[in-house]
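Structure, as structure tokens:
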Amino acid sequence: MRESKLWFWHITAAIAVVVLLGMHMGIMHVGEILSFVGIGAGDAVKSANVFHRSQQAFFMATYILLLGAALFHGFYGLRSMLFELSLSSGLEKAVSGICAVAGIGLFLYGSYAAIYVFRMKEVLP
Amino acid sequence: MQKRLKNNLGLGGWLSGGRYGIERYAYTLHRITGLGILLYFIMHIIVTGSRMGGPEAWESMMASFEKPIFKLGEFMIFIAFAFHGINGIRLILVELGAMIGKPGLPSFPYNYSTLRQRPLFVAVMVVAAVIILIGGTDLYFLVMK
């Protein structure tokens, strides 16, 4: 894929990450403040809250979308930084390969976990 | 194929702002926060995978992150995300040519592009600071509970 296309997807993924991770951070880090005004469920990492969110199709889909966008953005960013150090072409290929394998591997694992927990209906609170 | 110029500055080039001003340090910080977030994200994917073991496995995993050092680390990631995300929006706007002013003839007193972009930089830093303050207040209430 041409670098300009990869760069376009890097920026597109960044916009998706800002929106989705912003939402995620809002739930995780502003929950206490929101609970004062009657929105939000307080401690977001309590298992009841975690499984309640994980077993909604909306959250499962956004987790997978965020996973894909963030991994692409992160690993492409890392690859770009390393390329700026004037690597040899062999090393550039190795860096690209490692980033691609790590990104795809983590995406598959994270997506599998999201779908697996979504289907665990028996732990719904 | 076009020959790529050698980057002789290496790591020093990343870390030194030189004559480029505050935006150059924002660039360095953008990269450092990006690397930090990526490292955390990889660990986060592995840790949240413990949900597959059910609520007990999740509670047990979370119990190991109860120490204040982990809360502080989590807040550092929040700060990194607030900076990286908001600064990233500025970079996208600049990349698309928005809010950088129109090109003009170089007449004294010179108004170079970095200076024209500075109000945008200041504005996004204020937004990032407000987000960090809100996150810090939330952490305070969570710890004081």
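Centre-to-centre separation between the Cα atoms of the range A:69-125 and those of the range B:88-145: 29 Å.
May I ask you to work out the translational diffusion coefficient for chain A at 4 °C, viscosity 1.567 mPa s, via Stokes-Einstein with Rh from the Kirkwood sum over Cα pairs, reported in whole µm²/s? Please report the intermediate quantities before stating the final value.
Values: Rh = 16.5 Å.
Stokes-Einstein gives a translational diffusion coefficient of 78 µm²/s.
Can you give the local net charge around residue A:112? Use residues other than it whose beta-carbon is closer than 14 angstrom to its beta-carbon, Lys and Arg +1, Asp and Glu -1. Spell out each step's value before the answer.
Working: positive: A:119, B:51; negative: none.
Within the 14 Å Cβ shell, the charges total +2.
Taking every Cα-Cα distance in the protein assembly as shown and sorting them into 10 Å bins starting at zero, the pair-distance distribution P(r) comes out as 6, 24, 32, 22, 11, 3, 1, 0 percent. Taken across both chains, chains A and B shield about 3700 Å² of accessible surface from a 1.4 Å probe. Heavy-atom accessible surface of chain B, averaged per residue, reaches 67 Å², computed with a 1.4 Å probe.
The base-10 log of I(q)/I(0) for the range B:81-145, evaluated at q = 0.12, 0.24 Å⁻¹, reads -0.44, -0.98 [Debye formula, identical scatterers on Cα atoms, solvent excluded]. Rounded to two decimals, the Cα radius of gyration of the range B:16-144 over 2.2 N^0.38 Å is 1.42.
The values are calculated or read from the model by the stated rules, or taken from the named source; none is laboratory data. Everything numeric in this text was worked out from a predicted model, so none of it was measured. FYI the Cβ positions are ideal-geometry reconstructions off the backbone, even for glycines, and counts take in every protein chain you see. Surface areas here come from the heavy atoms of the whole protein model, side chains and all, with no ligands, DNA or RNA. Shrake-Rupley method; radii C 1.70, N 1.55, O 1.52, S 1.80 Å.
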